[in-house]
Each structure stands twice: as structure tokens, then as C-alpha cells.
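Scroll down for the structure; my scribbles are underneath it.
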Amino acid sequence: MTKKQAEETTEATTPEPTFTKQQFLESKLFSALHKDMISALLQDEETYTTDQVKQKIEAFLREAAE
């Protein structure tokens, strides 16, 4: 196995970290406007990956634009 194959295997098996709604609200990753949407879109007791949150925000903005 080459080094690249080993890295791809590790990436495929390593789960993406998940965070709570509160952690996203305290994060510097999102703007205040995005945090308002996060507050409304996410459930308190669930955890989400960063990609899931970005997808939820994008879906919300698409729906709002229609």
C-alpha cells in the first residue's frame, strides 16, 4: 500500500467530528447572520458535522429565495 492509499483509507474511515448547536453558536466559523439561522434550524439535543450545518443553511437560503 502506498502512502497515498493509506491516507485515503484513513480519511475514509475517520468520521467527521460532530458538534452541538451551542458549539456552532459559539464558533467563529459562522457570521452573526448564519448563527441566527443555526439557532432556528438546529435541534438543541442533536449533533451535526460542519458540512451538515452548511448544507442546512444553504437549503434554507434557497427556499427563502424562491
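No lab work stands behind these numbers, since they all come straight from the coordinates. Note that the structure is predicted; figures quoted are calculated from it, not measured. Cβ: placed from backbone, ideal geometry, glycine included. Neighbour counts: every protein chain shown.
Using modelled backbone amide H atoms (1.01 Å from N, in-plane), which distant-in-sequence or interchain residues come within less than 5 Å of Thr47's amide H?
HN-HN under 5 Å from Thr47: empty list.
Do you know the relative contact order of region 17-65, to the nearest whole percent, from alpha carbon pairs under 8 angstrom that are 6+ apart?
With pairs under 8 Å counted, the relative contact order is 46 percent.
Using the Cα centre of region 17-65 as the reference point, and only Cβ charges (+1 on K/R, -1 on D/E), how large is the resulting charge dipole? Debye, rounded to the nearest 20.
The dipole of region 17-65 has a size of about 180 debye.
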